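The values are calculated or read from the model by the stated rules, or taken from the named source; none is laboratory data. Since we're looking at a predicted model, the values are computed, not measured. A quick note on method: Cβ atoms are made from the backbone with ideal geometry, for glycine too, and the neighbour counts reach across all protein chains shown. Heads up: the accessible areas ignore ligands, DNA and RNA and are worked out on the full protein's heavy atoms, side chains in. Shrake-Rupley method; radii C 1.70, N 1.55, O 1.52, S 1.80 Å.
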Amino acid sequence: MGRERRVRDIMVPIRDYPTVRAEASLYEAAAMINVYLKRDEGVWHGFRSVMVVDDGGGVIGVLTLRTVLRAVLYAAGKGDPAVEGSSWGGFMLRDVRRQGGPRVREVMRPATLIAVSPDDSVWDAALKMARNRINSLPVVERRRPVGIVRSIDVFWWISELLEE
């Protein structure tokens, strides 16, 4: 199949992906990611992002673990450049929990901002991920998200290419 493989062949369908409400607090979102991200003998497994849904259940964005960490650091450090980008965001989560933190809608990446179609090639999705320095892409069909493709999905495809 090689370079002709399509995003629909490797994506996770939207029904199988965790979601969080757009109005949820950052703390609630972090708790949701924690439900789907588990450590087993030193290795992390699971989803590192959640799809953001509106009140009607429609997908409107993506919230990644990296975005949560940045938002926690920003909220705790109130924009202090010395705090931004540090790797100790977990220590700040307690303060964010007390204050509720920002809402998911304030920090999420809109689902249609950077996305792919189910009919796009996996190669195009990989290029889009690399160019935008992101690890997950919503898969959108007729302006509606239908799935998500992650860097790990693309990695398995690359492994298959190398075997050919």
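What order do 38, 128 take when sorted by accessible area (1.4 Å probe), most exposed first?
Sorted by accessible area, descending: 38, 128.
How much accessible surface area, in Å² rounded to 10, belongs to the heavy atoms of residue 103 with a 1.4 Å probe?
For residue 103, the solvent-accessible surface is approximately 80 Å².
Just to make sure I understand: if all protein chains stay in place, what is the order of 10, 148 by accessible area at 1.4 Å, largest first? Can you show the working numbers first?
Numbers: 10 25, 148 0 Å².
In descending accessible area the options line up as 10, 148.
On the protein heavy atoms, probe 1.4 angstrom, tell me the percent of accessible surface of the stretch 15-73 carried by carbon and sulfur. Let's see the in-between values first.
Values: 1590 of 3210 Å².
About 49 percent, which is the carbon plus sulfur part of the accessible surface.
Given 0.36 nm per residue, what is the gain on full extension from residue 124 to residue 70 after removing their alpha carbon distance, in nm? Write out the running numbers ahead of the final one.
Working: separation 54, 0.36 × 54 = 19.44 nm, distance 2.75 nm.
Extra length available between residue 124 and residue 70 comes to 16.7 nm.
Net charge within 13 Å of residue 18 by Cβ-Cβ distance, Lys/Arg positive one each and Asp/Glu negative one each, not counting residue 18 itself?
+3
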